[in-house]
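Novice: There's a structure below that I have some questions on.
The values are calculated or read from the model by the stated rules, or taken from the named source; none is laboratory data. Since the model is a prediction, treat every value here as computed from it, not as a measurement. Cβ sites come from the backbone with ideal geometry, for glycine too, and all protein chains shown count toward neighbours. Only protein heavy atoms, including side chains, enter the accessible area calculation; ligands, DNA and RNA are left aside. Shrake-Rupley method; radii C 1.70, N 1.55, O 1.52, S 1.80 Å.
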Amino acid sequence: MTRTTPARPVAVEAVFPELAAYRGRTTRLHPRPGRPGRHDSHVGGPMLWPIDEPWPVCREPHASETEGYAPKEIRAARAAGVWPRSRPWPGAGGPGEGGPTPFVGLAQFFGRDVPGLAAGPGGADLVQLFRCPRTHGRYLEREYLLRWRPAAQTERADRFLPAAPEVPLLRWEHELPEPCVVHPEEVDTYPWAEDDTLPAALIARIDAWDDAQTAAGGRYALNYQGALSIPPGWRVGGYPSWASTGPLDIA
Ligand SMILES: [Zn+2]
(Lines give C-alpha, C1' and ligand atoms only; values in the text may rest on other atoms or scores of the structure.)
Protein backbone atom coordinates (compact mmCIF):
# COMPACT_ATOMS: atom_id res chain seq x y z
CA MET A 1 0.00 0.00 0.00
CA THR A 2 1.21 3.50 -0.81
CA ARG A 3 0.52 6.27 1.63
CA THR A 4 1.18 9.84 0.61
CA THR A 5 1.31 13.09 2.49
CA PRO A 6 -0.74 15.93 0.98
CA ALA A 7 1.15 19.01 -0.11
CA ARG A 8 1.61 21.60 2.59
CA PRO A 9 -1.19 24.19 2.60
CA VAL A 10 1.44 26.90 2.21
CA ALA A 11 4.59 26.84 0.05
CA VAL A 12 7.05 27.21 2.91
CA GLU A 13 9.96 28.40 0.82
CA ALA A 14 7.81 31.03 -0.90
CA VAL A 15 7.11 32.55 2.51
CA PHE A 16 10.61 32.03 3.91
CA PRO A 17 13.09 31.69 1.00
CA GLU A 18 16.01 31.30 3.43
CA LEU A 19 14.56 27.95 4.54
CA ALA A 20 15.58 26.37 1.21
CA ALA A 21 19.09 25.98 2.60
CA TYR A 22 17.71 23.99 5.53
CA ARG A 23 15.35 21.71 3.60
CA GLY A 24 15.86 18.13 4.73
CA ARG A 25 14.31 14.76 4.04
CA THR A 26 12.59 12.48 6.50
CA THR A 27 10.95 9.08 6.08
CA ARG A 28 7.40 8.88 7.40
CA LEU A 29 6.71 5.28 8.42
CA HIS A 30 2.88 5.25 8.45
CA PRO A 31 2.67 2.20 10.76
CA ARG A 32 -0.64 0.34 10.55
CA PRO A 33 -1.75 -2.80 12.45
CA GLY A 34 -0.70 -5.95 10.64
CA ARG A 35 1.28 -9.15 10.92
CA PRO A 36 4.90 -8.25 10.16
CA GLY A 37 7.52 -11.00 10.11
CA ARG A 38 11.05 -10.98 11.46
CA HIS A 39 12.44 -10.25 8.00
CA ASP A 40 10.31 -7.11 7.67
CA SER A 41 10.70 -3.54 8.83
CA HIS A 42 8.03 -3.02 11.45
CA VAL A 43 6.80 -1.57 14.70
CA GLY A 44 6.08 -4.06 17.46
CA GLY A 45 6.77 -7.20 15.44
CA PRO A 46 9.25 -10.06 15.91
CA MET A 47 12.93 -9.17 15.86
CA LEU A 48 15.44 -10.74 13.49
CA TRP A 49 17.39 -12.20 16.41
CA PRO A 50 19.82 -15.14 16.08
CA ILE A 51 18.82 -17.77 18.62
CA ASP A 52 22.29 -18.07 20.13
CA GLU A 53 22.42 -14.40 21.17
CA PRO A 54 21.17 -13.44 24.64
CA TRP A 55 18.17 -11.11 24.70
CA PRO A 56 19.09 -7.64 26.07
CA VAL A 57 18.40 -7.04 29.75
CA CYS A 58 18.30 -3.71 31.63
CA ARG A 59 20.33 -3.85 34.82
CA GLU A 60 19.82 -0.25 35.93
CA PRO A 61 18.09 0.33 39.30
CA HIS A 62 14.33 0.46 38.74
CA ALA A 63 11.68 2.53 40.42
CA SER A 64 9.26 0.62 42.62
CA GLU A 65 5.80 -0.06 41.19
CA THR A 66 2.51 -1.00 42.80
CA GLU A 67 0.47 -2.25 39.85
CA GLY A 68 0.73 -3.06 36.16
CA TYR A 69 -0.81 -4.82 33.18
CA ALA A 70 -0.07 -8.34 31.92
CA PRO A 71 0.80 -8.42 28.19
CA LYS A 72 -1.52 -11.38 27.57
CA GLU A 73 -4.42 -9.53 29.19
CA ILE A 74 -3.64 -6.35 27.26
CA ARG A 75 -3.88 -8.27 23.97
CA ALA A 76 -7.14 -9.95 24.99
CA ALA A 77 -8.64 -6.63 26.05
CA ARG A 78 -7.64 -4.95 22.81
CA ALA A 79 -9.21 -7.78 20.81
CA ALA A 80 -12.42 -7.34 22.80
CA GLY A 81 -12.36 -3.55 22.58
CA VAL A 82 -12.20 -3.06 26.33
CA TRP A 83 -9.65 -1.80 28.87
CA PRO A 84 -7.48 -4.42 30.59
CA ARG A 85 -7.56 -4.81 34.36
CA SER A 86 -4.51 -3.79 36.30
CA ARG A 87 -2.88 -6.24 38.68
CA PRO A 88 -0.85 -5.77 41.86
CA TRP A 89 2.87 -5.67 41.12
CA PRO A 90 4.39 -8.94 42.36
CA GLY A 91 6.78 -8.43 45.26
CA ALA A 92 6.15 -4.68 45.26
CA GLY A 93 8.59 -2.98 47.61
CA GLY A 94 10.35 -6.22 48.44
CA PRO A 95 14.01 -7.11 47.94
CA GLY A 96 14.90 -7.76 44.31
CA GLU A 97 11.75 -6.05 43.08
CA GLY A 98 13.84 -3.67 41.04
CA GLY A 99 16.02 -6.37 39.50
CA PRO A 100 17.10 -6.95 35.89
CA THR A 101 14.31 -6.69 33.33
CA PRO A 102 14.20 -7.84 29.70
CA PHE A 103 13.95 -4.99 27.22
CA VAL A 104 10.77 -4.76 25.16
CA GLY A 105 11.28 -4.71 21.39
CA LEU A 106 9.66 -1.63 19.85
CA ALA A 107 10.65 -1.62 16.19
CA GLN A 108 13.18 -2.73 13.61
CA PHE A 109 14.08 -1.06 10.35
CA PHE A 110 16.09 -2.24 7.35
CA GLY A 111 17.94 0.36 5.32
CA ARG A 112 16.48 -1.16 2.15
CA ASP A 113 12.99 -0.13 3.32
CA VAL A 114 13.68 3.17 5.01
CA PRO A 115 15.64 5.73 2.97
CA GLY A 116 16.01 8.03 5.97
CA LEU A 117 17.90 5.42 7.97
CA ALA A 118 21.55 6.45 8.23
CA ALA A 119 24.11 3.66 8.25
CA GLY A 120 25.03 2.44 11.72
CA PRO A 121 28.44 1.42 13.09
CA GLY A 122 30.48 -0.44 10.48
CA GLY A 123 27.86 0.31 7.83
CA ALA A 124 25.16 -1.66 9.67
CA ASP A 125 21.86 -1.42 7.80
CA LEU A 126 19.43 -3.00 10.25
CA VAL A 127 18.53 -1.26 13.49
CA GLN A 128 16.47 -2.72 16.31
CA LEU A 129 14.99 -0.41 18.94
CA PHE A 130 14.20 -1.48 22.50
CA ARG A 131 12.85 0.21 25.60
CA CYS A 132 13.14 -0.93 29.19
CA PRO A 133 9.57 -1.36 30.44
CA ARG A 134 10.51 0.06 33.86
CA THR A 135 11.25 3.62 34.91
CA HIS A 136 14.48 4.97 36.31
CA GLY A 137 15.20 7.76 38.78
CA ARG A 138 13.04 10.47 40.25
CA TYR A 139 11.95 11.82 36.87
CA LEU A 140 10.74 8.40 35.63
CA GLU A 141 13.43 8.40 32.96
CA ARG A 142 13.38 5.73 30.29
CA GLU A 143 16.21 3.55 29.05
CA TYR A 144 16.41 2.82 25.33
CA LEU A 145 18.70 0.47 23.46
CA LEU A 146 19.67 0.41 19.80
CA ARG A 147 21.05 -2.80 18.31
CA TRP A 148 22.67 -2.31 14.94
CA ARG A 149 23.30 -5.28 12.65
CA PRO A 150 24.49 -5.98 9.11
CA ALA A 151 21.23 -7.27 7.62
CA ALA A 152 22.65 -9.72 5.06
CA GLN A 153 24.97 -11.37 7.58
CA THR A 154 22.22 -11.60 10.19
CA GLU A 155 19.84 -13.16 7.66
CA ARG A 156 22.33 -16.03 7.28
CA ALA A 157 21.96 -17.17 10.90
CA ASP A 158 20.94 -20.83 11.19
CA ARG A 159 18.01 -20.22 13.53
CA PHE A 160 16.20 -17.27 15.01
CA LEU A 161 14.59 -16.65 18.37
CA PRO A 162 10.97 -17.77 17.90
CA ALA A 163 9.57 -15.29 20.44
CA ALA A 164 11.02 -12.58 22.67
CA PRO A 165 10.95 -13.11 26.44
CA GLU A 166 7.84 -11.46 27.77
CA VAL A 167 7.86 -9.24 30.83
CA PRO A 168 5.30 -10.30 33.47
CA LEU A 169 3.77 -6.85 33.81
CA LEU A 170 3.97 -3.48 32.11
CA ARG A 171 3.41 -0.30 34.08
CA TRP A 172 1.17 1.19 31.39
CA GLU A 173 -1.09 -0.76 29.06
CA HIS A 174 -0.28 1.48 26.08
CA GLU A 175 3.38 0.51 26.28
CA LEU A 176 2.79 -2.88 24.73
CA PRO A 177 3.46 -2.13 21.05
CA GLU A 178 0.81 -3.26 18.62
CA PRO A 179 2.38 -5.20 15.71
CA CYS A 180 2.36 -2.87 12.71
CA VAL A 181 3.60 -3.03 9.14
CA VAL A 182 5.11 0.20 7.82
CA HIS A 183 4.55 2.11 4.58
CA PRO A 184 7.62 4.35 4.30
CA GLU A 185 7.31 7.64 2.46
CA GLU A 186 10.00 10.30 2.00
CA VAL A 187 8.96 13.91 2.43
CA ASP A 188 10.60 17.32 2.84
CA THR A 189 11.08 18.72 6.30
CA TYR A 190 12.37 21.91 7.92
CA PRO A 191 13.86 22.51 11.36
CA TRP A 192 11.73 23.27 14.38
CA ALA A 193 12.38 26.99 14.94
CA GLU A 194 13.97 27.15 18.38
CA ASP A 195 17.22 28.22 20.00
CA ASP A 196 20.00 27.85 17.42
CA THR A 197 18.29 25.51 14.94
CA LEU A 198 17.98 28.47 12.54
CA PRO A 199 19.42 32.02 12.43
CA ALA A 200 17.87 34.19 15.14
CA ALA A 201 16.48 36.69 12.64
CA LEU A 202 14.71 33.93 10.71
CA ILE A 203 13.25 32.44 13.89
CA ALA A 204 11.95 35.91 14.80
CA ARG A 205 10.27 36.21 11.39
CA ILE A 206 8.74 32.74 11.74
CA ASP A 207 7.44 33.58 15.22
CA ALA A 208 5.95 36.84 13.93
CA TRP A 209 4.32 35.00 11.00
CA ASP A 210 2.87 32.40 13.39
CA ASP A 211 1.54 35.19 15.63
CA ALA A 212 -0.07 36.89 12.63
CA GLN A 213 -1.72 33.61 11.58
CA THR A 214 -3.12 33.18 15.08
CA ALA A 215 -4.32 36.80 15.23
CA ALA A 216 -6.16 36.37 11.95
CA GLY A 217 -7.42 32.82 12.26
CA GLY A 218 -7.60 32.03 15.96
CA ARG A 219 -5.72 29.52 18.06
CA TYR A 220 -6.20 26.67 15.58
CA ALA A 221 -4.84 28.65 12.63
CA LEU A 222 -2.06 27.23 10.50
CA ASN A 223 1.42 27.82 11.90
CA TYR A 224 4.98 26.99 10.89
CA GLN A 225 5.86 24.95 13.93
CA GLY A 226 2.84 22.68 13.89
CA ALA A 227 1.93 22.38 10.23
CA LEU A 228 4.92 23.23 8.07
CA SER A 229 8.19 22.21 9.71
CA ILE A 230 8.14 18.58 10.87
CA PRO A 231 5.58 15.97 9.76
CA PRO A 232 3.67 14.20 12.54
CA GLY A 233 3.82 10.54 13.46
CA TRP A 234 6.54 7.91 13.37
CA ARG A 235 9.46 8.80 11.15
CA VAL A 236 13.18 8.20 10.61
CA GLY A 237 15.73 10.89 9.82
CA GLY A 238 15.18 14.59 9.41
CA TYR A 239 15.02 17.02 12.31
CA PRO A 240 14.12 16.41 15.96
CA SER A 241 10.90 17.98 17.18
CA TRP A 242 10.57 20.13 20.28
CA ALA A 243 9.45 17.15 22.34
CA SER A 244 12.93 15.66 22.09
CA THR A 245 14.93 18.88 22.34
CA GLY A 246 13.15 20.88 25.03
CA PRO A 247 15.23 21.57 28.15
CA LEU A 248 14.99 19.32 31.20
CA ASP A 249 17.50 19.81 33.97
CA ILE A 250 17.86 16.46 35.70
CA ALA A 251 21.06 17.28 37.55
ZN1 LIG B 1 15.55 -0.45 33.09
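Novice: Once every DSSP H run of n ≥ 4 in the chain is given -39500 (n - 2.57) and the sum is divided by its residues, what mean residue ellipticity at 222 nm do you get, rounded to the nearest 500 deg cm²/dmol? Please list the in-between numbers first.
Specialist: Values: 4 runs with 37 residues, N = 251.
It comes out at -4000 deg cm²/dmol, rounded to the nearest 500.
Novice: What FRET efficiency, computed as 1/(1 + (r/R0)^6) with R0 = 51 Å and r the Cβ-Cβ distance, is obtained for ALA221 and LEU145, rounded to the nearest 0.05? Don't skip to the end; give the middle numbers.
Specialist: On the way: r = 41 Å, r/R0 = 0.80.
Using R0 = 51 Å, I get an efficiency of 0.80.
Novice: For the chain, which cysteines have no disulfide-compatible partner, meaning no other cysteine Cβ under 4.7 Å?
Specialist: CYS180
Novice: While we're looking at this one, here's another question. Packing-wise, with mean Cβ within 10 Å as the measure, how do 7-13, 221-227 rank, highest first?
Specialist: On the way: 7-13: 13.3, 221-227: 16.6.
Ranked from most to least packed, the peptides come out as 221-227, 7-13.
Novice: Evaluate the charge dipole of the chain about its Cα centre and quote only its size in Debye, nearest 20, assuming +1 on the Cβ of each Lys and Arg and -1 on the Cβ of each Asp and Glu. Walk me through the intermediate numbers first.
Specialist: Details: 27 positive and 30 negative charges, 167 e Å.
Its charge dipole is roughly 800 debye.
Novice: Roughly what angle does helix 200-217 make with the longest principal axis of the chain, taking Cα atoms, 0 to 90 degrees, to the nearest 10?
Specialist: Its long axis makes an angle of about 90 degrees.
Novice: Just the number, please: carbon plus sulfur as a percent of the accessible area of segment 95-251, 1.4 Å probe, no ligands or DNA/RNA counted. Could the numbers behind the result be given before it?
Specialist: Working: 4850 of 8590 Å².
That fraction is 56 percent.
Novice: Something else now. What is the extension gain from HIS136 to ARG35, computed as 0.36 nm multiplied by their sequence separation minus the C-alpha to C-alpha distance, in nm to one decimal? Don't skip to the end; give the middle numbers.
Specialist: Details: separation 101, 0.36 × 101 = 36.36 nm, distance 3.19 nm.
Value of the extension gain: 33.2 nm.
Novice: Something else about it: With viscosity set to 1.002 mPa s and temperature to 20 °C, compute the Stokes-Einstein D of segment 79-216, Rh being the Kirkwood radius across alpha carbon pairs; µm²/s, no decimals.
Specialist: Details: Rh = 19.8 Å.
Result for D is 108 µm²/s.
Novice: Here's a follow-up. Counting pairwise Cα distances across the chain, what percent come out greater than 25 angstrom? Don't jump to the answer; show the numbers that get you there.
Specialist: On the way: 17706 of 31375 pairs.
I get 56 percent for the Cα pairs in the chain exceeding 25 Å.
Novice: Please give the helix 71-80 orientation as an angle from the longest Cα principal axis of the chain, in degrees from 0 to 90, rounded to the nearest 10.
Specialist: The answer is roughly 60 degrees.
Novice: Leaving out ligands and nucleic acids, note down the accessible area per residue over segment 31-182 with a 1.4 angstrom probe, in whole Å². Kindly include the intermediate steps, with their values, before the conclusion.
Specialist: On the way: 8370 Å² over 152 residues.
Counting only protein heavy atoms, the per-residue value for segment 31-182 is 55 Å².
Novice: Now a separate question. Determine the share of segment 37-81's accessible area contributed by carbon and sulfur atoms, expressed in whole percent, with a 1.4 angstrom probe.
Specialist: On the way: 1210 of 2320 Å².
Exposed carbon and sulfur together represent 52 percent of the surface.
Novice: Roughly how many nanometres apart are two label points built 7 Å out from the Cα toward the Cβ at ASP196 and ARG23?
Specialist: Result for the modelled spin labels: 2.7 nm.
Novice: Something else about it: At 7 Å along Cα-to-Cβ for each site, give me the label-to-label distance between GLU73 and TRP234 in nm.
Specialist: The modelled label-to-label distance comes out at 2.6 nm.
Novice: Give me the distance between the Cα centres of segment 119-143 and segment 50-65, rounded to whole Å.
Specialist: A separation of 11 Å, based on Cα centres.
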